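The values are calculated or read from the model by the stated rules, or taken from the named source; none is laboratory data. Just so we're clear, the structure is a prediction, and the values are computed from it rather than from any experiment. For neighbour counting, all protein chains shown are included, and Cβ atoms are generated from backbone atoms with ideal geometry for every residue, glycine included. To get the accessible areas, we keep the full protein, side chains included, count just its heavy atoms, and leave off ligands, DNA and RNA. Shrake-Rupley method; radii C 1.70, N 1.55, O 1.52, S 1.80 Å.
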Amino acid sequence: MTGYAVATSEGAAGTLTIEIKSVNSRFLDLQFRINDELRALEPDLRAAIMAAITRGKVEARLSFGRKVAGGSQALNSALLADLARLQTEVTKHFVSAPVMTVAELLRWPGVIEEAQVGQESLQADVAALTATTVAAFVESRRREGAALEAMLISRIDAMDVIVKRITPLIPQVISQFQQKAVERMQDALGLAGHGTPSTLTRQEAFERIRQEVTLYGIRIDVSEELSRLSAHLTETRHILKKGGQVGKRLDFMMQELNREANTLGAKASVKELADASMELKLLIEQMREQVQNLE
């Protein structure tokens, strides 16, 4: 699922910022953008995120902006003394060389010393801010999960309607098929009138017709498939309502639903059943795309 959270913390030495965002992914993929001075704190941030989620492509950013204020900076006297000595040595060889200005000296790396931040204090601040940010991040994903649940429930309801619509048709479809099949086979065997085939008695021919029609009627009977579809839909609804980490269980249920829908299509002997199979498979595919993003 997608999610986003950002939090900041103001301290005496500067501002900490943690930003976490994620996009859909079947697996957990973590990427970090962290200041070099905070790189040692990456394992703690990683552990906090992994403890909270199991799916998603996640990018986490941890940054620290130091304050520029009086008392937090000082001149590096030792470095300034070294620069003065070096400048004197240079002018001995290059008399006309210009002297460094104050602005140039202040821009020299290391001349201005920033106040040091204690690592333990910084680690504690990051830990507290991490907890706040991860909690907000999980909440944002929970809100999206609720929206996805509503969408999935609507698809389940639509499939329930389809199953209930076609279930009463099955006995009628089988009966109509058997009647037409009997008539066609009678015509083919010459039993429609008074004549009888030369190789079979009339009774044997009728028995053969009855057996063939019964067997084929069994093959096109989709009552069991519809019963299993209803059971799978009930279980899918139960999984969603129960909550928790439902992603893998729903993945499995999508496979089962799709198997029954395919079988229904393969056995379809009338247009109504074939159309129902296509409708079911379309709804299942819509669910499958979203289920892969759920925890």
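For the stretch 8-36: of the residues being more than 28 Å from the chain's Cα centre (by Cα) and open to solvent by less than 80 Å² (accessible area, probe 1.4 Å), which is farthest from R55 (Cα to Cα)? If we take residues in the stretch 8-36 being more than 28 Å from the chain's Cα centre (by Cα) and open to solvent by less than 80 Å² (accessible area, probe 1.4 Å), then A13 is farthest from R55 (Cα to Cα).
Pairs are defined by a Cβ separation below 7 Å, a sequence spacing of at least 6 or placement on different chains, a first member in the stretch 120-139 that is closer than 15 Å to M50 by Cα, and a second member that is of a type in the set (D, E); the pairs so defined are A127/D44; T130/D44.
Can you tell me which condition K281 does not meet? The list is (1) open to solvent by 30 Å² or more (accessible area, probe 1.4 Å); (2) touching a residue at least 24 places away in the same chain (Cβ under 8 Å); (3) closer than 30 Å to G145 by Cβ, and all the others hold. Only one criterion in (1) open to solvent by 30 Å² or more (accessible area, probe 1.4 Å); (2) touching a residue at least 24 places away in the same chain (Cβ under 8 Å); (3) closer than 30 Å to G145 by Cβ is unmet by K281, namely (2). Filtering A51, A78, A84 for residues that are out of contact with any helix residue (DSSP H, G or I) (no Cβ under 6 Å at 6 or more places or on another chain), loosely packed, with under 11 Cβ neighbours inside 10 Å and farther than 30 Å from A128 by Cα leaves a single hit, A78. Mind listing whichever residues of the stretch 14-44 are touching a Ser or Thr at 6+ places or on another chain (Cβ under 7 Å) and hydrophobic (A, V, I, L, M, F, W, C)? Residues satisfying the conditions are L16, I18, I20, V23, L28.
Sort out which residues of the stretch 229-247 are among the basic types (K, R) and modelled with pLDDT of 90 or more, and write them in order of number.
In the first step, residues of the stretch 229-247 are kept if they are among the basic types (K, R); the result is 237, 241-242.
Across the stretch 229-247, the qualifying residue is only R237.
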